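Peer 1: Before I ask anything, here is the structure I am working with.
The values are calculated or read from the model by the stated rules, or taken from the named source; none is laboratory data. The structure displayed is predicted, hence computed values, not measured ones. Neighbour counts are summed over all protein chains in view; Cβ atoms, including those assigned to glycine, are modelled from backbone coordinates with ideal geometry.
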Amino acid sequence: MGPQAVPGGHAVAPVVEMRGITVEYSGVRVLDAADLTLRPGEVHALMGENGAGKSTLIGALTGTVPILAGEVLVDGVPRTPTSVARSRAEGIATVFQESHLSPSLSVAENIMIGHEVRGRFGISWAKSRERAEAALAALGIEDVDPRAPLETLSPATKQLVAVARAIVLEPRVLVLDEPTSSLDGSEATRLLGVVRRLRDQGVAVLFVSHFLEQVFEVSDRMTVLRGGRVVAEFRTAQVDRAELISKMIGEDIGALQALHSQRLSHHYGGSAQVTLRATSIGRRGALEPTDLDLARGEVVGFAGLRGSGRTELARLMSGVERADHGELWLDGHRVQLRGPATALRHRIAVSTENLRHEGIVAGLTVRENIVLALQALRGWTRPLSRAEQDAVVETYLDALHLSHEDVDRPAGELSGGTQQKVMLARLLATRPHVLILDEPTRGIDIAAKLDIQRRVARLAGEGVAVVFISSELEEVVRLSDRIVVLKDREKIGELSNGPGITVDTIVEMIAAELDGRAPGDDG
Amino acid sequence: MAAVAPEKRGTEAPPVAGPQRGRRMSTIARRLRIDRRYMPVVGTFVVLALILSVGGVRYDNFLSTNVLANLFINNSFLIVLAVGMTFVILTGGIDLSVGAVLALSAVSAAYLLDAGVPAAMVMPAVVLIGSIIGFLIGVMVHVFDVQPFIATLAGMFFARGLCFVIAPVAIPITDETFVAISAWDTWVGGQWRVTTSVMIALAVVALAFYLLHYTQFGRTVYAIGGGEQSAQLMGLPVARTKVLVYVVSGTCAGLGGLLFAMYSRSGYSLTGVAMELDAIAAVVIGGTLLTGGTGFVLGSVLGVLVLGLIQTIITFEGTLSSWWTKIVIGVLLLIFVVLQRVLTLRRT
């Protein structure tokens, strides 16, 4: 499959070889004769956009996805796993994308469940707890209380507990599906350190992540999937980012750069008409009083660490949260926003951070999801006709590269990136004057990201005031006309974007104000 | 925003002043945290103590060993039902069939004994009836993915209907062996009367505790309650366990029927109507969350004792209608459910 031959043939025998793995879901081929080879002492990254088949390939390896054709060889012996328990018995441990632990059990119970140490009279809790503590120590998180109920932990710590659970059986193959997506910088570094240590101990690691930098940092080899096929296998040292990305999206990297320069040339003029104005808006415990103007045709990026108040500012400006201080003015009139519905009536559309999980109605079709907000706006007594629905849906399908076949499928069946686009389409269908997007591109693949970014740029061109919030500062810099920098629940400055502004400018601005508090120190 | 570093986890631990003091503080915090998991059970215990002290103050002889021993004797079958129900509710399910299965088991026992079948065969047979019905329900729930509410409702109608088919009228039990077994008792410490039923019920509690905390089956029960998909991804035997909890509950109901037959020395089709609701109430009052994943079998026992004590108080009061029991139970149930809600909300 791999057009690039892998140089430097290895003397080490592979632990796992997947050959010609083909998987179909209700007749749709999601994996087509995919190959994957994992060697001991090597970190192998699995790359590809959402829907490329990464999770399916992992599922085939761990026995959660039935295989139509192909085989899995463990130590050269065909042993296609049929269940998670079986693959664990083969020494393949997996940390799945979604947290798959039991919230009401304690940390130690979660780590040890299914393989508790047995004494003469059933489970020996003392010994089991010891093993769990050893696993936590191996990860460098001894500070986690093994007796604490899992639900009291932060998402990041839960993720580390999931890893502890995976390594407690001393697996030969460790599969990490997006292990760092809920971690902040230092936590991710710690996890990558663990991955390296395991590799040095001879574990074969399969690493899946959307964060390119982490992949380049930690992996030795990578396999790229696109549309269910393996399109390339590289040694990490021999590939650059641009080549990898173009392999992943099957599109030229030039598109990304073009978008950036297009945004730069657009450049926001100071005379633009202010549409939404916030005067000393704030809420105790969430945000210090802040002033901000949003103008038509302008993309305003909010930059800051998690917990800096960027989300709070967006929520206060859109009425998702009630401000206890300050005023909002819309086109010169004082407005009071009592929740997203009122905001929508004022043509302020907002997508909150977890919108994909909270906003997508999984049981409804894509079409129904798209027209939902528009219908709500019109009132339920005046239903949209089918023709009107079609017109609305049609407009946004093409604009966002959504597939026509998906329109009548339940939204819950689609990949994360597609769901995110459906959400965006729903907001756009209401023709907002102000659009507030909190992390619209989080956890989705690069092609979908690009689609969303392009669309945001277009919207601004059409006169919409856009607020764009993202943890990825490059994105903010690429898209924004103006960047609002926040820290510790306070706006610390505004930057007018231009050729001189880079990610470093923002980072320096935040760092300069650093007063010793750790990032993300928001309780 | 949940960007909490692991170090920030212990919110209730005050700032530490030195390594030694810090260690002590963290041990205290640890203790506190353990307590939190047992909080609902502690709550039930407090209620129990409250009822006991109120009864003790108001009535003479209330706090006698006699009254307390009878509490166990009169509620032994309910304890067994509640234990079985705890398994089901821990997985996030519900079992509405247990009251009817209890009746079916009791009626079958009376019928078979009346027909001259020896007690040694009857007793295991009627327990097995419960297991079989439980197994069928479990298969419906797991294999055919029927809502537990519906599957066990069907089981309830089936068992209750079968009772009437077997015996439209009450059948007295006169079998000598059976009567002898049910009449056997011993005095623990010379004052505390313990009958066969109480012994069996306590053995069931102990066995259930062992199963839930010291076997893979028990751990899987908790994990399923925490999230079925998660349990599956953790490689636990979800399918088997989901069927097994209904078998456990059915077996407990069958055993409960046996105990009830011992208690009433008869089999009657209308026994145990709505008793499944008493069992559910006991489990909930005992601190088990209806959503599954959290709870303890000992809590359910405390729950049964609370229900029994309320009944006892109403009896001691003398002038009150026994329906007041239901009203008090209703109020208690409400308080407990709201309390659980508050506890879970605060945690998240």
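Peer 1: Answer yes or no as to whether A:LEU61 is in contact with a helix residue (DSSP H, G or I) (Cβ under 8 Å, 6 or more places away or on another chain), part of a strand (DSSP E or B) and in the same structural domain as A:ALA204 (by TED's automatic domain parsing). Break it down into steps so the answer makes sense when it comes.
Peer 2: Values: in contact with a helix residue (DSSP H, G or I) (Cβ under 8 Å, 6 or more places away or on another chain): yes; part of a strand (DSSP E or B): no; in the same structural domain as A:ALA204 (by TED's automatic domain parsing): yes.
No: the conditions fail for A:LEU61.
Peer 1: Something else: Kindly evaluate A:GLU116 against the criterion of being under 30 Å from B:GLY292 (Cα atoms), facing chain B (nearest Cβ under 8 Å), in contact with a helix residue (DSSP H, G or I) (Cβ under 8 Å, 6 or more places away or on another chain) and part of a helix (DSSP H, G or I). Full working, then the answer.
Peer 2: On the way: under 30 Å from B:GLY292 (Cα atoms): yes; facing chain B (nearest Cβ under 8 Å): yes; in contact with a helix residue (DSSP H, G or I) (Cβ under 8 Å, 6 or more places away or on another chain): yes; part of a helix (DSSP H, G or I): no.
In short, no.
Peer 1: May I pose another question? What do you reckon, is A:VAL175 touching a strand residue (DSSP E or B) at 6+ places or on another chain (Cβ under 9 Å), modelled with pLDDT of 85 or more, in the same structural domain as A:THR236 (by TED's automatic domain parsing) and within 24 Å of A:GLU439 (Cβ to Cβ)?
Peer 2: No; evaluated as a whole, the condition is false for this residue.
One line per residue, one yes/no per condition, for (1) at the interface with chain A (Cβ under 10 Å from one of its Cβ atoms); (2) within 22 Å of the chain's Cα centre (by Cα):
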| residue | (1), (2) |
| --- | --- |
| B:LEU211 | yes, yes |
| B:ARG219 | yes, yes |
| B:ALA223 | yes, yes |
| B:ALA231 | yes, no |
| B:ARG240 | no, yes |
| B:LEU244 | no, yes |
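Peer 1: While we're on this one: Name every residue in the range B:45-93 that is in a helix (DSSP H, G or I) and without any contact (Cβ under 8 Å) to a residue 24 or more places away in the chain, in order of residue number.
Peer 2: B:VAL46, B:ALA49, B:LEU50, B:SER53, B:GLY56, B:VAL57
Peer 1: Restricting to the range A:191-244, what's the tally of residues that are part of a loop (DSSP other than H, G, I, E, B), at pLDDT 85 or above and touching a strand residue (DSSP E or B) at 6+ places or on another chain (Cβ under 8 Å)?
Peer 2: Adding up the residues that qualify gives 3.
Peer 1: A follow-up question, please. Might you let me know whether the range A:38-56 holds any residue that is touching a Pro at 6+ places or on another chain (Cβ under 9 Å), under 19 Å from A:VAL231 (Cβ atoms), surrounded by 16 or more Cβ atoms within 10 Å (Cβ to Cβ) and at pLDDT below 90?
Peer 2: Scanning the range A:38-56, I find no residue that is touching a Pro at 6+ places or on another chain (Cβ under 9 Å), under 19 Å from A:VAL231 (Cβ atoms), surrounded by 16 or more Cβ atoms within 10 Å (Cβ to Cβ) and at pLDDT below 90, so the answer is no.
Peer 1: While we're here: Quick one: which residue in B:VAL245, B:VAL273 is within 30 Å of A:SER83 (Cα to Cα) and in contact with a Gly (Cβ under 8 Å, 6 or more places away or on another chain)?
Peer 2: Every option except B:VAL245 fails the conditions.
Peer 1: Return a yes/no flag: does the range B:259-276 have any residue that is within 10 Å of chain A (Cβ to nearest Cβ), among the hydrophobic types (A, V, I, L, M, F, W, C) and over 20 Å from B:GLY134 (Cβ atoms).
Peer 2: no
Peer 1: Residues being buried (at least 16 other Cβ atoms within 10 Å of the Cβ) and either within 20 Å of the chain's Cα centre (by Cα) or charged (D, E, K, R) (or both): count how many of those fall in the range A:229-245.
Peer 2: Summing the residues that are buried (at least 16 other Cβ atoms within 10 Å of the Cβ) and either within 20 Å of the chain's Cα centre (by Cα) or charged (D, E, K, R) (or both) in the range A:229-245 gives 4.
Peer 1: Given A:ALA204, A:ALA108, A:ALA156, which one is within 10 Å of chain B (Cβ to nearest Cβ) and in contact with a Pro (Cβ under 8 Å, 6 or more places away or on another chain)?
Peer 2: Just a single option satisfies the conditions, and that option is A:ALA156.
Peer 1: Tell me the residue from A:SER102, A:SER55 that is facing another protein chain (nearest Cβ under 8 Å) and in contact (Cβ under 8 Å) with a residue 12 or more places away in the chain, please.
Peer 2: Going through A:SER102, A:SER55 in turn, just one is facing another protein chain (nearest Cβ under 8 Å) and in contact (Cβ under 8 Å) with a residue 12 or more places away in the chain: A:SER102.
Peer 1: Of (1) more than 8 Å from chain B (Cβ to nearest Cβ); (2) of a type outside the set (A, V, I, L, M); (3) without any contact (Cβ under 8 Å) to a residue 12 or more places away in the chain; (4) part of a loop (DSSP other than H, G, I, E, B), A:ASP143 satisfies all except one. Which?
Peer 2: (1)
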